[in-house]
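**Q** Handing you a structure now.
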Amino acid sequence: MPARRTSIHGEWSSKLAFILAATGSAVGLGNIWRFPYVAGESGGGAFVLVYLACVLTIGLPVMIAEILIGRRGRQSPINTMRTLAVEEGHSPAWQHVGLLGMAAGFIILSFYSVIAGWTLAYMVRTAAGVLQGVTAEGARSIFADLVGDPEKLLAWHTIFMVMTIIVVSRGVQSGLEQATKFLMPALFVLLVAMVGYAMNTGQFQHALRYLFMPDFGKITTDVVLNAMGQAFFSLSLGMGAIMIYGSYLSHNASIVRTAVVIVSMDTLVALLAGLAIFPLVFQYQLEPTAGAGLIFQTLPIAFGQMPGGIWVGTAFFVLLLFAAWTSAISLLEPAVTWLVENHGMNRVKATAYTGIAAWGLGILSILSLNAWSDVKVFGKGFLDLFDYLSSNVMLPIGGFLICTFAAWLMSRESTRSELGLPDGFGYRLWRFLVQFVSPVAIVLVFLNKIGLFGGS
Ligand code: TRP
């Protein structure tokens, strides 16, 4: 076995720090903004069921594979993939998996920052009391005004990107770790309180039925593809974010156990978000299919009516902002480490370059909401296109290559010793999942989408 490597970029101060940071990466706009609206567009319960199945059969095994590869390689995803491939006697071309991931992270960050900008805008509006007593109609038009104004969107997008650049440029311990420690638990508590509020709206039963009683007739190819894409997006998988975080993990931490914790937390937060939002959607006769604006058009109504809503609402958007922040930093980190390793750049400069480039690309997403709303590529505006392309195409391809690599190209000894497992049931189950179940599931979903089985 090769000597254990150390990362030139540092290490987490503890196992808990890793769990918090990786959970911070996973829990973000994907859970609270994206999950409810994609679930609403994809028919509720049918989507939720397929989503949970994807998390278990693809998400968890791939997350274990990603952490394992990262910790063994201890470099940027590109260099890690190359080093491990060569070490295991395979082609260095595997480094392109890291490259694909970097590209995906870059595209995701570009629009993620725009949506995080909406969160900033709503934080300020809620605090200022603008949303007090707002009606469903009012909430809708406030949202429409925001997305219709490119200058405002650009200002918020810029502020968020600068925030992200600042944290990432400070590096692993001082930057990434500190951001997560208190904010994740706080978000969790507030979300539980909001589910409590939603329970009293009178439509909680309706929401429960909507989310958890699947209409199997609604499970179409697109629903399955959306659920798989959402699983990758929400768990931060398929692009090297969890891989680079794994590269800062110490050797004595159990990879499987940490992965189970991260996946459970992420799933729980998404379900709580659904339970907080859908009762309000039904109560105020909004459309579950309202799309990307769903949470921004529903939650403000509740904040506008509940006692102390200014405080609760402001706290909610502040915490959502932090959740988005701790996710955004993980989208930048793989590219930054690569620039530092291969181009001798210092961290600050590398972060600034990549952040500014993603900021520039984000402008396309902003314009697609207003001035260029009639510009369509493959039938979609830029924001939708980037979202679809990254989540539903690039991440699953990256995830497929990552689990294939861990399962078929790395030796049993390498993976087993890195996981620190005996050759028993647990290890065999994981290996079976990454060898057969996850890659085959990903390929089947794609083939179905392309219409090979007569799917839509
Ligand atoms: N998972 C994050 C969220 O739910 C977003 C995110 C962070 C991400 N890093 C990622 C998505 C890497 C895909 C890949 O908001």
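**Q** Which of L146, L131, L320 has the fewest other C-beta atoms within 10 Å, and how do the rest follow up to the most?
**A** Taking fewest neighbouring Cβ atoms as first place, the list is L146, L131, L320.
**Q** Any idea what % of Cα-Cα pairs in region 211-285 are farther than 15 Å?
**A** 71
**Q** Compute the separation of the alpha-carbon centres of region 351-398 and region 171-247 and state it in Å as a whole number.
**A** Between the Cα centres of region 351-398 and region 171-247 lies a distance of 22 Å.
**Q** To continue, here is another question. With r as the distance between the Cβ atoms of L56 and T289 and R0 = 30 Å, compute the FRET efficiency 1/(1 + (r/R0)^6) and round to 0.05.
**A** 0.65
**Q** Report the full-extension gain for the segment T201 to F216: residue separation times 0.36 nm, less the Cα-Cα distance, to one decimal in nm.
**A** 2.6 nm
**Q** Expressed as a rounded percentage, what relative contact order does the chain have, with Cα pairs under 8 Å and six or more residues apart?
**A** So the answer I get is 35 percent.
**Q** While we're on this one: If we count other beta carbons within 10 Å of each Cβ, what is the order of D374, D387, D149, D266, fewest first?
**A** D374, D149, D387, D266
**Q** Once Rh is set to the Kirkwood radius over Cα pairs, what Stokes-Einstein translational diffusion coefficient, in µm²/s, holds for region 41-160 at a temperature of 20 °C and a viscosity of 1.002 mPa s?
**A** Diffusion coefficient, whole number: 117 µm²/s.
**Q** Okay, moving on. Could you tell me what a quarter of the Cα convex hull surface of region 1-60 works out to, in nm² with one decimal place?
**A** Taking the Cα atoms of region 1-60, their convex hull projects to 6.6 nm² on average.
**Q** Sticking with this one: Rg to Rh ratio, region 291-445, alpha-carbon atoms and Kirkwood radius?
**A** Rounded to two decimals, Rg over Rh is 1.08.
**Q** Along the charge dipole of the chain, which of F303, L369, Q178 sits closest to the positive end, that is, farthest toward it, with unit charges on the beta carbon of Lys, Arg, Asp and Glu (+1, +1, -1, -1)?
**A** The residue sitting most towards the positive pole is Q178.
**Q** Tell me, what is the Rg over Rh of the chain, with Rh the Kirkwood radius over Cα pairs?
**A** Taking Rh as the inverse mean 1/r over Cα pairs, Rg/Rh reads 0.96.
**Q** Can you list the HN-Hα couplings for region 287-297, worked out from phi with the Karplus curve (6.51, -1.76, 1.60; θ = phi - 60°), rounded to whole Hz and with x for Gly and Pro?
**A** The phi angles translate into 8, x, 8, 4, x, 4, x, 3, 5, 6, 9 Hz.
**Q** Which aspartates and glutamates does K349 reach when only Cα atoms under 16 Å apart count, and residues fewer than 8 places away in its own chain are ignored?
**A** E333, E341
**Q** Hand me the trypsin sites (Lys or Arg not before Pro) from region 155-263 located in a DSSP loop with no more than 15 other Cβ atoms within 10 Å, in residue order please.
**A** Sites meeting the loop and neighbour criteria: K181.
**Q** Using a/c under 1.5 as the rounded threshold, could you call region 146-278 rounded, prolate or oblate? The axes a ≥ b ≥ c are square roots of the C-alpha gyration tensor eigenvalues, and prolate needs a/b larger than b/c, oblate otherwise.
**A** Prolate.
**Q** Same structure, new question: Normalising by the residue count of region 74-217, find the relative contact order in percent from Cα pairs under 8 Å and 6+ residues apart.
**A** About 15 percent, as a whole number.
**Q** If you don't mind, another one. Give me the mean projected area, in nm² to one decimal, of the convex hull enclosing the Cα positions of region 123-218.
**A** Orientation-averaged projected area of the Cα hull: 10.3 nm².
**Q** If the cut-off is a Cα-Cα distance under 28 Å, which lysines reach K380, setting aside same-chain residues fewer than 8 apart in sequence?
**A** K380 reaches K152, K218, K449.
**Q** Taking loop as defined by DSSP and a crowding limit of 16 other beta carbons within 10 Å, which chymotrypsin sites (Phe, Trp or Tyr not before Pro) in region 134-208 fit?
**A** Qualifying residues, ordered by number: F182.
**Q** Oh, and also: Can you give the percent of C-alpha pairs in region 346-416 whose distance is more than 19 Å?
**A** In whole percent, the share of Cα-Cα pairs in region 346-416 beyond 19 Å is 59.
**Q** Follow-up. How would region 383-456 be classified by its alpha-carbon gyration tensor: rounded, prolate or oblate, with rounded meaning a/c under 1.5 and the a/b versus b/c comparison settling the rest?
**A** prolate
**Q** Now, a different point. Quick check: residue separation of E87 and V440 times 0.36 nm, minus the Cα distance between them. What number comes out in nm?
**A** Stretched fully, the E87-V440 segment lengthens by 124.5 nm.
**Q** Which value results when the Cα radius of gyration for region 259-327 is divided by 2.2 N^0.38 Å?
**A** Cα Rg divided by the expected 2.2 N^0.38 Å: 1.22.
**Q** I would also like to ask the following. Order by neighbour count: V348, V38, fewest other Cβ atoms within 10 Å first, most last.
**A** Ordered from fewest to most neighbouring Cβ atoms within 10 Å, V348, V38 come out as V348, V38.
**Q** Sticking with this structure for a sec: Can you tell which of I19, Y284, L225 lies farthest toward the positive end of the dipole of region 15-449, using +1 and -1 charges on the Cβ of basic and acidic side chains (Lys, Arg; Asp, Glu)?
**A** Positive-end residue among those listed: I19.
**Q** Then there is this: Label Y388 and R209 with points 7 Å out from Cα along Cα→Cβ: what is the distance between them in nm?
**A** Going by the 7 Å Cα→Cβ label model, 3.3 nm.
**Q** I want to check the label-to-label distance for S250 and K181. Put each point 7 Å from Cα in the C-beta direction and report it in nm to one decimal.
**A** So the two model labels end up 1.6 nm from each other.
Every read-out reported here was derived from the displayed coordinates using simple, explicitly stated rules and does not represent laboratory data. These numbers come from a predicted model, not from an experiment. Heads up, the Cβs are rebuilt from the backbone with ideal geometry, glycines too, and the neighbour counts pull from every protein chain shown.
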